[in-house]
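Single-structure report; data block below.
The values are calculated or read from the model by the stated rules, or taken from the named source; none is laboratory data. Since this is a predicted model, take the numbers as computed values, not measurements. Counting neighbours? That spans all protein chains shown, and the Cβs are built from the backbone with ideal geometry, glycine included. These area figures cover heavy atoms from the full protein model, side chains too; ligands, DNA and RNA do not enter into them. Shrake-Rupley method; radii C 1.70, N 1.55, O 1.52, S 1.80 Å.
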Amino acid sequence: FLMDDGAGGTIRKTTAARIKTYAGSPAGTLAFYATNNGVQNISNNTLTKVTLDVEIIDTDNKFASSRYTPGEAGTYFIHGAVHSASANNGDEGSAWLYKNGAIANNLLPFDIMGGAGSDNNLADIGTTVSAIVVLDDNDYIELYARQVGNGQAKVLGTGGGGVRTSLFGYKLIT
């Protein structure tokens with residue numbers, strides 16, 4: 001990333017992990033990024049809470065039990081990604097953000113429909129969802145997944161050298 005360091009217009013190259021150093025806003029200090037470290041089975045046509053058991057970033061220790069509770073009211077950017085395997089030709093996958101145990105208002109997921117591979121199976125279906133959400137200090141956000149197809153699918157946390165399923169967010173300046 002290229003960032004203005006705020007010292008007379010100097011542009012510096014930085015990694016994602018150091019963005020908050022240059023952003024410097026109190027809002028930017030509230031952030032989280034979590035993934036799962038294994039495989040989770042999800043049943044056909046069922047919204048299922050995604051297990052997120054690895055915290056990569058949790059600036060205020062507010063991520064626990066696969067959910068984020070900010071502890072400070074404000075407007076947050078939230079992004080979730082779900083990658084599932086064991087999908088067949090024509091199967092669909094979707095990622096959903098839940099606020100306080102229900103689908104976040106006015107938020108529609110992006111469905112992905114799989115195509116046929118050489119053996120009529122897919123390696124993965126990847127889908128994401130993003131939203132700007134107003135949260136009270138005790139509200140909470142969770143990531144859910146759904147697949148529609150034949151049988152169950154497996155949510156993959158990591159693979160191919162990187163994170164596949166994750167949830168992250170941060171407080172915006174308003």
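Mind listing just one residue for me: the one in segment 62-84 that is out of contact with any Gly (no Cβ under 9 Å at 6 or more places or on another chain) and open to solvent by 60 Å² or more (accessible area, probe 1.4 Å) and, of those, farthest from GLU142 (Cα to Cα)? The extreme case among them is GLU72. Within segment 46-61, can you find the residues that are under 26 Å from GLN152 (Cα atoms) and either touching a Gly at 6+ places or on another chain (Cβ under 6 Å) or acidic (Asp, Glu) (or both)? Once the filter is applied, which keeps residues that are under 26 Å from GLN152 (Cα atoms) and either touching a Gly at 6+ places or on another chain (Cβ under 6 Å) or acidic (Asp, Glu) (or both), segment 46-61 yields only ASP53.
When you look at ALA85, is it more than 22 Å from GLY38 (Cβ to Cβ) and either modelled with pLDDT under 85 or not aromatic (Phe, Trp, Tyr) (or both), yes or no? Step through it out loud before you land on a result.
On the way: more than 22 Å from GLY38 (Cβ to Cβ): no; either modelled with pLDDT under 85 or not aromatic (Phe, Trp, Tyr) (or both): yes.
Judged against the criteria, ALA85 is not a match.
Residues in segment 133-140: is at least one within 13 Å of the chain's Cα centre (by Cα), of a type in the set (Val, Ile, Thr) and modelled with pLDDT of 85 or more? No, the conditions are met nowhere in segment 133-140.
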